[in-house]
1. For region 227-236, in order, what is each residue's ³J(HN,Hα) by Karplus, 6.51 cos²θ - 1.76 cosθ + 1.60 with θ = phi - 60°, in whole Hz (x at glycine and Pro)?
2. Applying a 10 Å radius around every beta-carbon, put 197-206, 236-245, 57-66 in order of their mean neighbour count, most first.
3. Would you mind telling me the share, in percent, of accessible area of region 1-121 contributed by carbon and sulfur at probe 1.4 angstrom?
4. At a Förster radius of 41 Å, what calculated FRET efficiency corresponds to the Cβ-Cβ distance of ARG189 and SER14, to the nearest 0.05?
5. Could you go through region 43-49 in sequence order and give the Karplus-derived ³J(HN,Hα) for each residue, using 6.51 cos²θ - 1.76 cosθ + 1.60 with θ = phi - 60°, rounded to whole Hz, and x for Gly and Pro?
6. What FRET efficiency would be calculated for the residue pair SER241, LYS70, taking the C-beta separation as r and a Förster radius of 56 Å, to the nearest 0.05?
7. Shape verdict for region 151-217, please, from the Cα gyration tensor: rounded (a/c under 1.5), prolate (a/b greater than b/c) or oblate.
8. From the square roots a ≥ b ≥ c of the eigenvalues of the alpha-carbon gyration tensor of region 42-83, which class results: rounded (a/c under 1.5), prolate (a/b over b/c), or oblate?
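The values are calculated or read from the model by the stated rules, or taken from the named source; none is laboratory data. Since the model is a prediction, treat every value here as computed from it, not as a measurement. We place every Cβ from the backbone using ideal geometry, glycine too, and count neighbours over all the protein chains shown. For the accessible areas, the whole protein counts, side chains as well, though only heavy atoms, and no ligand, DNA or RNA atoms are used. Shrake-Rupley method; radii C 1.70, N 1.55, O 1.52, S 1.80 Å.
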Amino acid sequence: MQQSQPILELFPVSLRLVLERIPAFARETLEEIRIRENRPLEIGYGSRYAFVREDGSLTELGHDAFVPGKEHCRALLERITNHSIYAAEEELRRGYITVSGGHRVGLAGRAVLDKGAVFHLRDIAGFNVRIARARIGFAAQVLPGLLDFKARTIRHALIVSPPQQGKTTLIRDLARSISSGQWHHPAARDWGSRKVGVVDERSEIAASDKGVPTFDLGPRCDVLDACPKAEGIMMMLRSMSPEIIVVDEIGRQEDAEAIHEAVHAGVRVLATAHAAELSDLFGRPALAKLAETGIFGSYVFLTRDGSKVNHRIVSAEEAERQTSRSRLRTIAATPRDAPGAGGAQPEIEGSGLPGQSIVKNRALPVIRSPDMRLSGGSEDA
């Protein structure tokens, strides 16, 4: 596994000298570094935020902080694009650049449009450097609740939370554990490992450098780096014969269609999505369609309390009950003068309730993989 460059080496010297002086407790839990032209330097650490003075000390007062200028922003942009803005044009169009180590740099500036779509970003004056870290052992808390003991693998699972709650960190360690055969459950001790295919569109899960992951994803993991999710899923199915496909931040219709293809090909899917609660999740059309067809057997909801990440696993059956109750409340709260409120609503067959949809769970395919014991593998801390 290759070593990525330290994150502070990304910054021009004048900015690096300031960031190197921040207190150790903030540096060790650093999550974001925000550089805004002619505005105070800000960091996020341990779910807290503070401005940074020139001597590295922290303050809540923006007027007391170090203020990066145009020259700082220009130098930072040149460094994160390897002095070739033209080569990074596609990433600039998407509003972020992923740098060595899997750190993602969000960009803000002036959007250049072509036929109503964003073609390019120029006059970039805002940067959000999001720090990627591996948490070896994170999966041990969650993986036992996702196991399908009959099929000797995991259920299809969707990890859900708002941004910056730990989804990518968790899915990275789940991929490592499954690829290493570390199931963290006594009943799965003799299962062996599984072939894992990671579609890493934003280069954050594996942080690949020239195709080689810099994060540890285990010995039986293949990575498609910087590849669009839907296309990458199909490429994995055609060429790499994965038993489990891992993909981050799904939400578009083409993502849902590709996941359907993977499921019907007998491959288990482990994915993440942005949402806070089930109601938010099912309010997104592509994700709601996946749920209604019974694709996911488990939903993992993440929340943060300071530096601690809490998780809650919801089964497909419980998700169905919760969403059904939500629909009932919505029906009961419909005003009488609302369009169609007085008319009869069609009844879904077998539900006994007007307008209530039923999630139909179908049997999951059994993955048959040769039992394989790994020698010299390390256990999670």
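1. Listing the rounded values in order: 10, x, 4, 4, 5, x, 4, 5, 5, 4 Hz.
2. In descending order of packing, they fall as 197-206, 236-245, 57-66.
3. About 50 percent, which is the carbon plus sulfur part of the accessible surface.
4. After rounding to 0.05, the efficiency reads 0.15.
5. The phi angles translate into 10, x, 8, x, 6, 10, 10 Hz.
6. 0.65
7. oblate
8. Since a/c reaches 1.5 but b/c is at least a/b, the shape of region 42-83 is classed as oblate.
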